[in-house]
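Please read the structure below before turning to the comments.
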Amino acid sequence: MRFLLIEDNAQLAGAVVDRLVLDGHVVDHAADLETANDFVATTGYDLILLDIMLPDGDGRSFLSRHRLQESQTPVIVLTARSEVADRVGLLDLGADDYMVKPIDFSELEARCRAVLRRRGGAARNLLPLGDLQFDSLSGTLKFPDEDVQLRTRELRLFEVLANAPGQVFSKASLVDRLFSYDEEVSENAIEVYVGRLRRHLQKSNVRITTIRGLGYKLETE
């Protein structure tokens, strides 16, 4: 998944980015609202992690504007304020969840997974697809006779396709979802990961179909 972290504390931001990247996600970091607004104007995100106290304004104004624009991207607020009224106010503004600092990284990862599952309409990590199940928590394709563990990039690519079966994704959009701005990659990298996934899926009725000139989609026979 591609995340946007809006946090001005460089040490905390670095730790959060490192943890999420280790988990296989792509993370863009904005240290202020101006940079954050530039990012969301040009890039689609699966999840936004939002600090409230920022050097050029209040994160609540970003959240309010984000919802007024009818954006469905989920937002988890990172706040130092633990009062009930503050938390209620954030939820009423449109936050999907919140965490009170200091942050426990295992809890942050779990809350990210939970919010993303809710966005996809799922209550569990297991997603049925044709004659297999996809376990997004363990990164495993579960076939009737065996489990196949996906590598990090394979996992993130399959997540994108599996969460929108039948939708066509261009190579450019997949590069955008799988790689950060700091990584220099070509669209040929997507072909490599698609090839690996197709080999894993050979004995199932789940297929990654090439739509010539447009991109790829996941479908079942």
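The values are calculated or read from the model by the stated rules, or taken from the named source; none is laboratory data. Fair warning: this is a prediction, and the values are worked out from it, not measured in the lab. Every residue, glycine among them, receives a Cβ derived from its backbone with ideal geometry; neighbour counts consider all protein chains shown. Side chains are part of the model used for accessible areas, which takes the heavy atoms of the whole protein and leaves out ligands, DNA and RNA. Shrake-Rupley method; radii C 1.70, N 1.55, O 1.52, S 1.80 Å.
Kindly indicate whether any position in segment 95-106 is among the aromatic types (Phe, Trp, Tyr) and not in a helix (DSSP H, G or I).
Yes.
If you scan segment 2-24, which residues turn out to be free of Cβ contacts under 8 Å to residues at least 12 places away in the same chain and more than 28 Å from Phe158 (Cβ to Cβ)? Scanning segment 2-24 gives Gln11, Gly14. Restricting to segment 102-138, name every residue that is modelled with pLDDT of 85 or more, aliphatic (A, V, I, L, M) and either at positive phi or exposed (fewer than 15 other Cβ atoms within 10 Å of the Cβ) (or both). Passing the criteria: only Ala110.
Pairing each residue of segment 132-146 that is closer than 13 Å to Gln202 by Cα and touching a residue at least 12 places away in the same chain (Cβ under 8 Å) with any residue that is open to solvent by 10 Å² or more (accessible area, probe 1.4 Å) and among the aromatic types (Phe, Trp, Tyr), provided the two are 6+ apart or on different chains, yields C-beta distances under 6 Å for Leu132/Phe143.
For segment 36-43, the criterion of a residue being small (Gly, Ala, Ser) and farther than 24 Å from Val160 by Cβ is satisfied by no position. Filter segment 57-94 down to the residues that are part of a helix (DSSP H, G or I) and of a type in the set (Gly, Ala, Ser), then identify the one that is least open to solvent (accessible area, probe 1.4 Å). So the residue we want is Gly59.
Quickly run through segment 148-163 and pick out the residues that are over 17 Å from Arg198 (Cβ atoms) and surrounded by fewer than 19 Cβ atoms within 10 Å (Cβ to Cβ).
Selection gives Thr152 alone.
From the list Asp145, Asp182, the lone residue that is acidic (Asp, Glu), within 19 Å of the chain's Cα centre (by Cα), in a loop (DSSP other than H, G, I, E, B) and surrounded by fewer than 16 Cβ atoms within 10 Å (Cβ to Cβ) is Asp182.
Just one of the numbered conditions (1) modelled with pLDDT of 85 or more; (2) open to solvent by less than 60 Å² (accessible area, probe 1.4 Å); (3) outside any loop (DSSP other than H, G, I, E, B) is not true of Gly166: (3). Within segment 59-66, is even one residue farther than 17 Å from Ala95 by Cβ and among the basic types (Lys, Arg)? Scanning segment 59-66 turns up no residue that is farther than 17 Å from Ala95 by Cβ and among the basic types (Lys, Arg).
From Asp97, Asp38, grab the single residue that is open to solvent by less than 60 Å² (accessible area, probe 1.4 Å) and at pLDDT 90 or above.
One residue alone meets the criteria, Asp97.
Can Glu187 be described as in contact with a helix residue (DSSP H, G or I) (Cβ under 6 Å, 6 or more places away or on another chain) and open to solvent by 70 Å² or more (accessible area, probe 1.4 Å)? Spelling it out, Glu187 is indeed in contact with a helix residue (DSSP H, G or I) (Cβ under 6 Å, 6 or more places away or on another chain) and open to solvent by 70 Å² or more (accessible area, probe 1.4 Å).
Would you confirm whether or not segment 195-202 contains a residue that is part of a loop (DSSP other than H, G, I, E, B), open to solvent by 20 Å² or more (accessible area, probe 1.4 Å), within 24 Å of Leu47 (Cα to Cα) and not acidic (Asp, Glu)? No, because not a single residue in segment 195-202 is part of a loop (DSSP other than H, G, I, E, B), open to solvent by 20 Å² or more (accessible area, probe 1.4 Å), within 24 Å of Leu47 (Cα to Cα) and not acidic (Asp, Glu).
At pLDDT below 90, open to solvent by less than 20 Å² (accessible area, probe 1.4 Å) and touching a strand residue (DSSP E or B) at 6+ places or on another chain (Cβ under 8 Å), is that true of Gly215?
Answer is no for this residue.
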